[in-house]
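S.K.: Once you've had a glance at the structure underneath, I'll fire off some questions.
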Amino acid sequence: MKHYTFGVDYYPEHWPRERWATDAKMMREMGIEVVRMGEFSWAMFEPSAGEFHFETLDEAIAILGREGIDVILGTPTAAPPAWIIEQNPEIQPTNWHGHQRFFGGRHHDCQSNPVYREHIRRYVTAFAAHYADNPHVMGWQVDNELGNSHGDLCYCPSCEKRFRRWLKEKYGTIEELNRAWGTAFWSQGYPDFEHIHAPKITAAWGQNPSQDLDWRRFTSDLVCEFHQFQADILRKAAPDKWITHNLMGFSSKPSYYKLGEQLDFASHDQYPGGHFHARHNEYRADWHAAELDFIRAVKQKSFWIMEQQSGITGWEILGRTPRPGQLGLWAMQCVAHGADTIVFFRWRSCAMGTEQYWHGLLPHNGVPGRYFREVAAFMKQYAPLLREISGAGPKAEVAILRSYEQEYAFQIQPHHPQHSYIQHLAAYYKALHRANVPVDFVGEHHDWADYKVLIAPLQFLMTPEMAEKLRAYVQRGGRLLLTWRSGVKDATNLCHTEGAVPCMVDDLCGLALAEYDCLRDAEGKVLWGAQEGEAYSSRHWCDIVETTTAETLATYGHDFYAGTPAVTRNAFGQGAAYYVGTTPGDELADRITAQLLADAHLSPLMETPHGVEAVRRVKDGRTYLFLLNHNDHPAHADLPAGFRTWDGAEWTGELTPMGVQVFVKEA
Ligand code: GLA
Ligand code: ZN
């Protein structure tokens, strides 16, 4: 596959034709090698049923092609045109309240609707055929950010019908479904699959958690199948072209593991300074690093950024403007965590529509300003680096398990109002990030055997297969961390009723749950070891456990259960299983991860001041070390042993504010 360094998202249809050649020339001079286009322009390409007009797109592609720039085309199914909606208003989606949502934004479509599917089939077939042999079109993106803009959609009759079919395939008989959903409760028994509806708002608020879990699994599968429907058409017409998708980090609507199976490689949209962040001065480099590390897990290889922030962003409300150097820093953070190609969103700030203030590299008037100059200089400086490291690893020695299934179960029952599955994982990730310890994310289907440490919080739904996999991992020498609310439920979201919680792994953890306390607005206190004074704060929840074989590392320091175990370690086979009964505050997360690392004889990459990230990639025995200063002040870092600067410059020991430095070391 041909490698690209940098690209832009481009919407030539928003600008006069006379400008296109200027744009293409400026792009080439700047170092742009690839452009994504077309993902929202259905109305222009097919102004009425079956009447296709790809001439303008052909022309734009040809103009870019003359400058040596290749193209990725998006299928525009995130924005069906007004004439389709007029003709078939039923394809507009229905929300949780049973109300329809209407035309005028985007994603005003139901993904299961068979009439909409026919419109898609017609369009995508013609589109794919038209561009199958175009030498400048290298790959496709289906739709745009699948799972976004939809919120809780869609609960329409067509989706309900599909849901029933999905349930029939899963359960076979209605008796089996009634058992799995526990419908004896509140008279919910279904005499027939036909009586089942999408879980819309109820009179009593409370919903059946088993039904809700299946609904979330179903909508994930539906989104993946929606992608597959188009991907099949595209692959058949153009077997040589690749398919990727612009994923959104930790977004959970479709499982990216499943969607990823259809992709040649994963892409991600990165907006570190987006207007949607509530606190604009907050330090978030660790969160963005986590999202990037997660995207690397989707295909367990390097990836693309399909939309990289290129200026101030906002719709009706704006975020803060990127500080000098920050656009390059953000892009480099993506490269450091495994991006091979960075595509900036967008080329030029749009003069029309909702996204007028979602700024591009160029301002509205098209005359280069600070964003453009900074990014152009960054691209010139680092294009050779991107060529050199394309495809580089690394594989970390510590993994965090991210499960969509567990996440769905906690979305349904968070237990504590502030508890979020992903934020809980992030507490451990951030501790490792502060210590500059590389992390891979894994799914339950991945092979974890090689990781020295596996952090697998909140294994709420526990199946015999999962229990076996966890046990085998520890048996063979792994260090495993499990937490509160593990082994509580079965795969259908019913509570286990036999054995001690954490069910099926109680002997692995060497303890049994006696009771628990939801902390609500109280703060938890955890005392580490026998030493007085090593006190840490915790939140949300406390499991009150009795150990059988586990050793107690820390106890609670509050309430009637003071002195009972909060953090334990159980030697098992060649390894050890840790259990944490509460949600750790930052310092406790640091303490726990330090313990795990020491136990597994692992050490961090290096020490850095706060806000300076150290990340590495490895290729052909060469290690690339990235130092990223997320502070708006200079920071000092000592040149790590054996490394020299990648560009041969002398290392002063000082990183500029928002500055980056890359080092290399031969094996
Ligand atoms: C998303 C979308 C883009 C654009 C940007 C800015 O990432 O994929 O089409 O809407 O956000 O809002
Ligand atoms: Zn629907």
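The values are calculated or read from the model by the stated rules, or taken from the named source; none is laboratory data. On a predicted model such as this, the values are computed, not experimentally measured, just so you know. Cβ atoms come from the backbone with ideal geometry, glycine included; neighbour counts cover every protein chain shown. Each accessible area value is taken on the protein alone, full model and side chains, heavy atoms only, with ligands, DNA and RNA left out. Shrake-Rupley method; radii C 1.70, N 1.55, O 1.52, S 1.80 Å.
S.K.: Given the stretch 555-629, what strands (runs of 3 or more DSSP E) lie entirely inside it while holding 1 or more residues that are under 20 Å from residue 485 (Cα atoms)? Explain how you work it out, then say what you get.
M.R.: On the way: elements: 565-572, 575-580, 582-584, 612-619, 622-629.
Where strands (runs of 3 or more DSSP E) fall fully within the stretch 555-629 and carry at least 1 residues being under 20 Å from residue 485 (Cα atoms), they are 565-572, 575-580, 582-584.
S.K.: Only one residue in 236, 253, 258, 241 is of a type in the set (Lys, Arg) and within 16 Å of ligand 1 (Cβ to nearest atom). Which one?
M.R.: Values: 236 fails: within 16 Å of ligand 1 (Cβ to nearest atom); 258 fails: within 16 Å of ligand 1 (Cβ to nearest atom); 241 fails: within 16 Å of ligand 1 (Cβ to nearest atom).
From the options 236, 253, 258, 241, the qualifying one is 253.
S.K.: If you don't mind, another one. Across the stretch 308-328, what is the total count of residues that are farther than 23 Å from residue 611 by Cβ and either of a type in the set (Lys, Arg) or open to solvent by 10 Å² or more (accessible area, probe 1.4 Å) (or both)?
M.R.: Residues of the stretch 308-328 that are farther than 23 Å from residue 611 by Cβ, as a first pass: 314-318.
Filter once more, so that each one left must be either of a type in the set (Lys, Arg) or open to solvent by 10 Å² or more (accessible area, probe 1.4 Å) (or both): 315-318.
Summing the residues that are farther than 23 Å from residue 611 by Cβ and either of a type in the set (Lys, Arg) or open to solvent by 10 Å² or more (accessible area, probe 1.4 Å) (or both) in the stretch 308-328 gives 4.
S.K.: Name, by its number, the condition in (1) within 16 Å of ligand 2 (Cβ to nearest atom); (2) more than 33 Å from the chain's Cα centre (by Cα); (3) in contact (Cβ under 8 Å) with a residue 60 or more places away in the chain that does not hold for residue 52.
M.R.: In the conditions (1) within 16 Å of ligand 2 (Cβ to nearest atom); (2) more than 33 Å from the chain's Cα centre (by Cα); (3) in contact (Cβ under 8 Å) with a residue 60 or more places away in the chain, residue 52 misses (1) alone.
S.K.: What number of residues within the stretch 499-517 satisfy the criterion of being open to solvent by less than 40 Å² (accessible area, probe 1.4 Å) and of a type outside the set (Val, Ile, Thr)? Don't jump to the end; show me each part of the working.
M.R.: Initially, the stretch 499-517 is screened for residues open to solvent by less than 40 Å² (accessible area, probe 1.4 Å), giving 500-503, 505, 508-513.
Cutting the leftovers down to of a type outside the set (Val, Ile, Thr) gives us 500, 502-503, 508-513.
Result for the stretch 499-517: 9.
S.K.: On to the next question. How many residues does the stretch 600-650 hold that are among the small types (Gly, Ala, Ser) and within 22 Å of residue 302 (Cα to Cα)? Give the derivation first.
M.R.: Going through the stretch 600-650, the residues among the small types (Gly, Ala, Ser) turn out to be 600, 603, 611, 614, 621, 635, 637, 641-642, 648-649.
Those still in the list that are within 22 Å of residue 302 (Cα to Cα) too: 614, 621.
So the answer is 2.
S.K.: Scan (1) farther than 30 Å from residue 661 by Cα; (2) under 18 Å from the mean Cα position of the chain (by Cα) for the single condition residue 316 breaks and write down its number.
M.R.: (2)
S.K.: Then there's this: Testing residue 331 on (1) crowded, with 18+ Cβ neighbours inside 10 Å; (2) in contact with a Gly (Cβ under 7 Å, 6 or more places away or on another chain), one condition comes back false. Which one is that?
M.R.: (2)
S.K.: Something else now. Within the stretch 468-498, take every residue that is small (Gly, Ala, Ser) and touching a strand residue (DSSP E or B) at 6+ places or on another chain (Cβ under 9 Å) and give me the one that is most open to solvent (accessible area, probe 1.4 Å). Walk me through how you get there before you give the answer.
M.R.: Of all residues in the stretch 468-498, those small (Gly, Ala, Ser) come to 472, 477-478, 486-487, 491.
Keeping just the survivors that are touching a strand residue (DSSP E or B) at 6+ places or on another chain (Cβ under 9 Å) gives 477-478, 486-487, 491.
Values: 477: 24, 478: 4, 486: 0, 487: 0, 491: 43 Å².
Looking at the filtered set, the residue picked out is 491.
S.K.: Out of 38, 31, which single residue is in contact (Cβ under 8 Å) with a residue 12 or more places away in the chain, open to solvent by less than 10 Å² (accessible area, probe 1.4 Å) and on the phi > 0 side of the Ramachandran plot? Please lay out each step first, then the result.
M.R.: Numbers: 31 fails: open to solvent by less than 10 Å² (accessible area, probe 1.4 Å).
After ruling out the rest, the residue left standing is 38.
S.K.: Let me ask something else. Could you list all residues from the stretch 429-456 that are assigned to a loop (DSSP other than H, G, I, E, B), free of Cβ contacts under 8 Å to residues at least 60 places away in the same chain and not hydroxyl-bearing (Ser, Thr, Tyr)? Quick ask: steps written out before the conclusion?
M.R.: Restricting attention to the stretch 429-456, the residues satisfying the condition of being assigned to a loop (DSSP other than H, G, I, E, B) are 435-438, 443-452, 456.
Now restrict to residues that are free of Cβ contacts under 8 Å to residues at least 60 places away in the same chain: 444, 447-451, 456.
Result: 444, 447, 448, 449, 450, 456.
S.K.: If a residue has to be within 16 Å of ligand 2 (Cβ to nearest atom) and at positive phi to count, how many in the stretch 131-170 make the cut?
M.R.: Within the stretch 131-170, residues that are within 16 Å of ligand 2 (Cβ to nearest atom) and at positive phi number 4.
S.K.: Of the residues in the stretch 144-183, how many are basic (Lys, Arg) and either within 16 Å of ligand 1 (Cβ to nearest atom) or in contact with a Phe, Trp or Tyr (Cβ under 8 Å, 6 or more places away or on another chain) (or both)?
M.R.: Within the stretch 144-183, the first condition is being basic (Lys, Arg), and the residues that meet it are 161-162, 164-165, 168, 170, 179.
With the extra rule that they be either within 16 Å of ligand 1 (Cβ to nearest atom) or in contact with a Phe, Trp or Tyr (Cβ under 8 Å, 6 or more places away or on another chain) (or both), the set shrinks to 162, 164, 168.
Number of matching residues: 3.
S.K.: While we're looking at this one, here's another question. Of all residues being without any contact (Cβ under 8 Å) to a residue 40 or more places away in the chain and hydroxyl-bearing (Ser, Thr, Tyr) in the stretch 551-610, which is most open to solvent (accessible area, probe 1.4 Å)? Just the residue, please.
M.R.: 603
S.K.: Another question, if that's okay. If I ask for residues that are among the aromatic types (Phe, Trp, Tyr) and within 16 Å of ligand 1 (Cβ to nearest atom), which ones from the stretch 131-143 would you list? Let's see the steps before the verdict.
M.R.: Within the stretch 131-143, the subset among the aromatic types (Phe, Trp, Tyr) is 131, 140.
Passing the criteria: only 140.
S.K.: Within the stretch 89-117, can you find the residues that are more than 24 Å from residue 54 (Cα to Cα) and more than 11 Å from ligand 2 (Cβ to nearest atom)? Working first, answer last.
M.R.: Applying the first criterion (more than 24 Å from residue 54 (Cα to Cα)) to the stretch 89-117 yields 89-102, 110-114.
The answer is 89, 96, 97, 98, 99, 102.
S.K.: May I ask you to say which residue of 52, 6 is open to solvent by 50 Å² or more (accessible area, probe 1.4 Å), in contact with a Phe, Trp or Tyr (Cβ under 9 Å, 6 or more places away or on another chain) and either closer than 27 Å to residue 377 by Cβ or of a type in the set (A, V, I, L, M, F, W, C) (or both)? Write out each step before concluding.
M.R.: Values: 6 fails: open to solvent by 50 Å² or more (accessible area, probe 1.4 Å).
Just a single option satisfies the conditions, and that option is 52.
S.K.: May I pose another question? State all residues of the stretch 96-132 that are without any contact (Cβ under 8 Å) to a residue 12 or more places away in the chain and either part of a helix (DSSP H, G or I) or under 28 Å from residue 260 (Cβ atoms) (or both); if no residue qualifies, say none.
M.R.: 118
S.K.: I would also like to ask the following. Against the condition in contact (Cβ under 8 Å) with a residue 24 or more places away in the chain and under 18 Å from the mean Cα position of the chain (by Cα), how does residue 355 come out, does it pass? Before you say what the answer is, go through the steps one by one.
M.R.: Numbers: in contact (Cβ under 8 Å) with a residue 24 or more places away in the chain: yes; under 18 Å from the mean Cα position of the chain (by Cα): no.
No, not satisfied.
S.K.: Just checking, does the stretch 389-397 include any residue being open to solvent by less than 20 Å² (accessible area, probe 1.4 Å), within 25 Å of the chain's Cα centre (by Cα), within 16 Å of ligand 1 (Cβ to nearest atom) and within 22 Å of residue 330 (Cα to Cα)? It would help to see each step written out before you state the result.
M.R.: Step one: filter the stretch 389-397 for residues open to solvent by less than 20 Å² (accessible area, probe 1.4 Å), giving 389, 392, 396.
From the residues that got through so far, the ones that are within 25 Å of the chain's Cα centre (by Cα) too are 389, 392, 396.
When the remaining residues are screened for being within 16 Å of ligand 1 (Cβ to nearest atom), the result is none.
For the stretch 389-397, residues open to solvent by less than 20 Å² (accessible area, probe 1.4 Å), within 25 Å of the chain's Cα centre (by Cα), within 16 Å of ligand 1 (Cβ to nearest atom) and within 22 Å of residue 330 (Cα to Cα): absent.
S.K.: Please go through the stretch 611-623 and give me each residue that is open to solvent by 50 Å² or more (accessible area, probe 1.4 Å) and in contact (Cβ under 8 Å) with a residue 12 or more places away in the chain, ordered by number. Let's see the steps before the verdict.
M.R.: Taking the stretch 611-623 and keeping what is open to solvent by 50 Å² or more (accessible area, probe 1.4 Å), we get 616, 618-620, 622.
Of everything in the stretch 611-623, those that are open to solvent by 50 Å² or more (accessible area, probe 1.4 Å) and in contact (Cβ under 8 Å) with a residue 12 or more places away in the chain turn out to be 616, 618, 619, 622.
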